[in-house]
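Colleague: Sharing a structure below in structure tokens format, with a few things to ask.
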Amino acid sequence: MAAATHALHFANALRADSSIPLPSGNRMPLLGLGTYDLRHHTPESVTQALAAGYQMIDTSGDYHTQRGIGDALRHCGLPRESIFVVTKVEATDDAFEATRVNLAELRLDYADLVLIHRPPVGGVGEVLWQELRRAKREGLTRDIGVSNYSIEQIEELVYRTGELPAVNQIEWSPFGHSPRMMDFCFDNHIVIQAWSPLTRAQRLNDDKLTSLAARYGKTPAQLLIRWNLQLGVVPLPKANHAQHRQENLEVFDFEIRQMDMVKMRTLNEHYSSMGALPYV
Ligand SMILES: NC(=O)c1ccc[n+]([C@@H]2O[C@H](COP(=O)([O-])OP(=O)(O)OC[C@H]3O[C@@H](n4cnc5c(N)ncnc54)[C@H](OP(=O)(O)O)[C@@H]3O)[C@@H](O)[C@H]2O)c1
């Protein structure tokens, strides 16, 4: 219920240049570019995306896109503080050192957000989290968060360390999401970032989605992105094609009616490109 009220409030305030406040006081853009599997054209794709208006780039050491993103950031002519850069460390990393390696690849002095990519097997990553807290204290990143964590794992992490993550980045779309996670994150001021917000294109031809999108004169991908925006969830669509990247930005000139937002929620089949949503 809390999250639904929040979503309504949020929908009224959406503009391409709006941003979401984080508990640290920093602000995060509403929409970012995913870069998993963008490696063959990374510098060109990211340069074009920044010119088109993307203000946030999501990457990770294991995407092999950081060097290309670094090239694009160096040559785009935009001030560093106008772009929000998200990267990740792995469960087996020394998180402080891995953050330094990521920054070296990106050729940046700081990241805006560093996430624990996945909780370690059999634990919640307490040591990783302490190292990320150190990275934040020492100015290597402005905010820290987690990815692919369940509610119980976040609660355990906070119980052990006393610090909430600013973000939980999880697979999230109308076809696969969790109202319980939504309420938990809203109540705890944790921003959900949606990975695979387009279901890796696996549900773009769904009959209910395509007919709803047609009624708004929008594409299924635009409807999926807008659904997230109106929930207050930050989508990170990836697109190799410039035309897709442009289309995915054109989501601020319409609004999904509340009854259709609810209808989209009923598409939930806990779809996951990995077979199962680990956080549900
Ligand atoms: N934290 C994690 O564990 C985690 C896991 C997975 C992903 N992620 C992040 O989330 C990002 C997004 O997820 P994803 O890359 O898995 O999948 P996605 O964004 O859901 O889907 C990407 C696919 O959708 C297609 N597409 C994009 N825009 C389209 C449009 N307007 N119309 C039709 N098709 C369109 C793309 O085609 P083209 O490429 O041909 O344009 C591509 O095949 C990743 O890139 C990564 O940054 C994080």
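The values are calculated or read from the model by the stated rules, or taken from the named source; none is laboratory data. In this text the structure is predicted, and so the values were computed from the model without any measurement. Here the Cβ positions follow ideal geometry from the backbone for every residue, glycine too, while neighbour counts run over all protein chains shown. Keep in mind that these areas ignore ligands, DNA and RNA; they rest on the heavy atoms of the full protein, side chains included. Shrake-Rupley method; radii C 1.70, N 1.55, O 1.52, S 1.80 Å.
Colleague: Would you compute, from DSSP H runs of 4+ residues alone, the mean residue ellipticity of the chain at 222 nm, taking -39500 (n - 2.57) per run and dividing by the full residue count, rounded to the nearest 500? Before the final figure, lay out each step's value.
Modeller: Working: 11 runs with 114 residues, N = 280.
Only helices count here, giving -12000 deg cm²/dmol.
Colleague: Expressed as a rounded percentage, what relative contact order does the chain have, with Cα pairs under 8 Å and six or more residues apart? Present the calculation step by step, with values, prior to reporting the outcome.
Modeller: Numbers: 496 pairs, mean separation 58.4, N = 280.
Once normalised by length, the contact order is 21 percent.
Colleague: A further question on this structure: Taking the Cβ-Cβ separation of ASN205 and ASP17 as r and a Förster radius of 25 Å, what is the calculated FRET efficiency to the nearest 0.05? Please list the in-between numbers first.
Modeller: Values: r = 32 Å, r/R0 = 1.29.
My answer for the efficiency is 0.20.
Colleague: Another question, then. Computed on alpha carbon atoms, what radius of gyration and Dmax characterise the chain, expressed in Å?
Modeller: Both quantities, over Cα of the chain: 17.7, 51 Å.
Colleague: Between ARG27, ARG100, ARG215, find the one with the highest GNM mean-square fluctuation for the chain; connect C-alpha pairs within less than 10 Å.
Modeller: Between ARG27, ARG100, ARG215, it is ARG215 that shows the largest mean-square fluctuation.
Colleague: Using DSSP, restrict attention to beta bridges with both residues in segment 86-180 and report what percent are antiparallel, rounded to the nearest 5. Write out the running numbers ahead of the final one.
Modeller: Values: 1 of 12 bridges.
Here the share of antiparallel DSSP bridges comes out near 10 percent.
Colleague: May I ask you to give the solvent-accessible area per residue for the chain, in square angstrom, as obtained with a 1.4 angstrom probe?
Modeller: Numbers: 12390 Å² over 280 residues.
So the chain comes to 44 Å² accessible per residue, rounded to a whole number.
Colleague: Using a Gaussian network model on the chain with a 10 Å cutoff between Cα atoms, which of GLN230, GLN66, GLN48 fluctuates the most?
Modeller: Looking only at GLN230, GLN66, GLN48, the biggest GNM fluctuation is shown by GLN48.
Colleague: Which entries of LYS88/LYS218; LYS218/LYS238; LYS238/LYS263 show an alpha-carbon separation above 29 angstrom in the structure shown? Spell out each step's value before the answer.
Modeller: On the way: LYS88/LYS218 33 Å; LYS218/LYS238 18 Å; LYS238/LYS263 25 Å.
LYS88/LYS218, as the Cα separations exceed 29 Å there.
Colleague: For the chain, modelled as a Gaussian network with Cα springs under 10 Å, which listed residue fluctuates most, LEU78, LEU38, LEU106?
Modeller: Between LEU78, LEU38, LEU106, it is LEU78 that shows the largest mean-square fluctuation.
Colleague: Need one number: convex hull volume per residue for segment 90-146, Cα atoms only, in Å³.
Modeller: Numbers: hull volume 3.6 nm³, N = 57.
Measuring per residue, one finds 63 Å³ for the Cα hull of segment 90-146.
Colleague: Over the chain, what percent of the accessible surface lies on carbon and sulfur atoms, probe 1.4 Å?
Modeller: Details: 6340 of 12390 Å².
Looking at the chain in its full context, I get 51 percent from C and S.
Colleague: How many percent of the alpha carbon pairs in segment 28-183 exceed a separation of 20 Å? Present the calculation step by step, with values, prior to reporting the outcome.
Modeller: Details: 5858 of 12090 pairs.
The share of Cα pairs beyond 20 Å in segment 28-183 comes to 48 percent.
Colleague: With every protein chain kept in the model, how would you rank HIS117, HIS40, HIS244 by accessible area, 1.4 Å probe, largest at the top? Could the numbers behind the result be given before it?
Modeller: Values: HIS117 10, HIS40 145, HIS244 90 Å².
These residues rank, largest area first, as HIS40, HIS244, HIS117.
Colleague: Among the aspartates and glutamates, select those whose C-alpha is under 14 Å from the C-alpha of LYS208, and discard any that sit fewer than 8 residues away in the same chain.
Modeller: Hits, sequence-local ones excluded: ASP260, GLU269.
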